[in-house]
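Data first, discussion second: the structure below is written as structure tokens.
Bear in mind these aren't lab numbers, they're just calculated from the coordinates by the rules spelled out. Keep in mind that this is a model prediction, so the values were computed, not measured. Quick reminder, even Gly has a Cβ in these numbers, built from the backbone with ideal geometry, and neighbours come from all protein chains shown.
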Amino acid sequence: LRIATESREESDAAFEELVAEYQPMVTAYAFSKLRDWSIAEDIAQGVMLTIWKCASTYHDESFMGWLFTIAENRIIDEARRRMCDPIHLAARQSEDCDPFHRSSVDERSPLDEMIVQESATRAAMALELIPPDQRATIELFAEGFSLPEIADASGVCLATTKGRVRCGRHNLSKMVEI
């Protein structure tokens, strides 16, 4: 609780203590859900910054509950991003559609690697077959651009961009299933 209180005063020492004490726990928690250390570390760093920036909203509740609620929300956002990301489409098919599972290359058997490569090849071929406006929108989305950024770059309204992503994902999933 002291860390949250001192964070309100923007004390560098309090922030360093916050990171040292809680970031490893948040990283481990995120890793347990996502199975990717680099993303888990990114999520933990984002959680620490959120705690720092939003310390004034903390009202003597359970600090750990507040901390892990923020972490869980970021993990869910990452899982949703993966579900919408066509790059993860092929990998999800071989992982029983579990958005929280992400096996590392080291954990894959040769058969698993072959299945993933074949699925990725099929997804890449399917991507070439969808309409160019949908393909371009999905590729930008996969690169991490937000929908409003894609709409601005494409010169179309946000609703059109959302429709292109939705239709493109639908078309890709139909083609990859075959």
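Results, tabulated for the structure shown:
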{"read-out": "Within-10-Å neighbourhood charge of Arg135 [Cβ basis; K, R +1; D, E -1]", "value": "-2"}
{"read-out": "Under the Karplus curve 6.51 cos²θ - 1.76 cosθ + 1.60, θ = phi - 60°, whole-Hz ³J(HN,Hα) for the range 111-127, x wherever Gly or Pro sits", "value": "5, 4, 4, 5, 5, 5, 5, 5, 5, 5, 5, 5, 5, 5, 5, 5, 4"}
{"read-out": "Karplus-derived 3J(HN,Hα), 6.51/-1.76/1.60, for each residue of the range 48-63, Hz, glycine and proline x", "value": "4, 5, 5, 4, 4, 6, 9, 4, 5, 8, 6, 10, 6, 8, 5, 4"}
{"read-out": "Residue-wise HN-Hα coupling along the range 132-146, computed from phi with Karplus coefficients 6.51, -1.76, 1.60 (Hz; x: Gly, Pro)", "value": "x, 5, 5, 4, 4, 5, 5, 5, 5, 4, 5, 7, x, 6, 6"}
{"read-out": "Lysines with Cα under 26 Å of Lys162, excluding same-chain neighbours fewer than 8 positions away", "value": "Lys174"}
{"read-out": "Cβ-defined net charge surrounding Ile76, 13 Å radius [Lys, Arg +1; Asp, Glu -1]", "value": "+2"}
{"read-out": "Dipole magnitude of the range 124-178, debye to nearest 20 (Cβ charges: Lys/Arg +1, Asp/Glu -1, about Cα centre)", "value": "260"}
